[in-house]
Amino acid sequence: MINDAQRHGVPVLHPDVNRSQVACTLESSNPVTAVRLGLRYVHSLGEAWQTRVVERRGSRSFRDLGDFCQRTRLPRPVVENLIRAGATDGFDRTRRDLLWKLGGLAYREEGLDVEVPVEPAVLPTLSQAEQMGWEYELLGMMPGDHVMALYRERLRANGVLSSGELTARRDGQTVRVAGRVVVRQRPPSAKGHVFITLEDEEGLVNLIVRPSVYERYRDALRNTPLLLVEGRLQREGRAVSVLVRSATSLGWPTS
């Protein structure tokens with residue numbers, strides 16, 4: 001549901017301890033309607049803890065991290081995951097600052113009675129790549145900007161096309177494309193051919209991989225989440241695909 005919403009231009013918002021329910025909800029702010037991720041999307045936040053956050057919030061929003069911890073009494077690792085996933089961004093502190101603040105709470109599950117003074121610290125700014133990495137780890141997706149936006153300038157400089165640019169190329173032309181792998185299929189009836197779908201910030205790219213090419217680039221094609229390929233553009237009516245000749249992993253961006 002979330003991927004479909006993103007592809008159709010519907011904004012996807014981070015889970016929020018002061019806004020989210022257990023399941024996803026729609027939020028309207030004329031003229032835009034967005035999908036607010038539910039608490040169930042946060043890794044390790046079990047059903048009982050999801051319900052506890054909603055019930056103990058009630059009609060009174062959590063003021064800050066200390067108030068949240070006092071009222072929910074969730075285990076520290078669970079609170080860390082909520083912070084890293086962006087669910088506490090509404091407390092108007094950076095995620096690193098909140099993690100530092102959490103370290104100053106004498107925190108144990110079902111009991112949070114002492115706050116230890118926290119020495120101020122100058123923490124490094126969380127880069128966009130780090131933030132996306134945390135969100136992908138904890139939510140299985142990246143609300144907001146697509147990860148491929150971090151690569152686009154460098155990719156374009158090296159002749160790598162976006163999914164939108166690919167549609168303007170001719171049948172039979174050699175092209176290079178890159179994206180996040182969202183589908184891998186190897187149907188029994190396809191005689192060893194593998195079909196992969198990449199996603200970038202503009203849409204989807206369908207890849208066709210012959211058996212011999214798959215064997216040559218098996219590690220990248222089978223295991224990497226971010227893929228760069230070169231191949232021949234194929235058109236059949238409105239359908240566009242790339243017959244892959246070579247493939248490599250992009251690796252996770254570092255900044």
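Of all residues in the range 171-208, those satisfying the criterion of being over 30 Å from PRO11 (Cβ atoms) and out of contact with any Gly (no Cβ under 9 Å at 6 or more places or on another chain) are ASP171, GLY172, GLN173, PRO187, PRO188, SER189, ALA190, LYS191, GLY192, HIS193, VAL194.
For the range 183-240, which residues satisfy the criterion of being small (Gly, Ala, Ser) and within 25 Å of the chain's Cα centre (by Cα)? Spell out the reasoning first.
In the first step, residues of the range 183-240 are kept if they are small (Gly, Ala, Ser); the result is 189-190, 192, 203, 212, 220, 231, 237, 239.
Residues satisfying the conditions are GLY203, ALA220.
Residues are listed down the side, and each one gets a yes or a no for (1) of a type outside the set (S, T, N, Q); (2) in contact with a Phe, Trp or Tyr (Cβ under 6 Å, 6 or more places away or on another chain); (3) more than 16 Å from TYR151 (Cβ to Cβ):
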position	(1), (2), (3)
GLU201	yes, no, no
VAL213	yes, no, yes
THR224	no, no, no
LEU227	yes, no, no
GLY237	yes, no, yes
LEU243	yes, no, yes
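Rundown of residues vs (1) closer than 24 Å to ARG156 by Cα; (2) out of contact with any helix residue (DSSP H, G or I) (no Cβ under 6 Å at 6 or more places or on another chain); (3) crowded, with 16+ Cβ neighbours inside 10 Å, yes/no style:
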| residue | (1), (2), (3) |
| --- | --- |
| GLY172 | yes, yes, no |
| VAL175 | yes, yes, yes |
| VAL194 | no, no, yes |
| ASP219 | no, yes, no |
| VAL229 | yes, yes, yes |
| LEU233 | yes, yes, yes |
| SER246 | yes, yes, no |
| SER249 | yes, no, no |
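Read-outs: derived from the displayed coordinates by stated rules, not from any lab. Keep in mind that this is a model prediction, so the values were computed, not measured. FYI the Cβ positions are ideal-geometry reconstructions off the backbone, even for glycines, and counts take in every protein chain you see.
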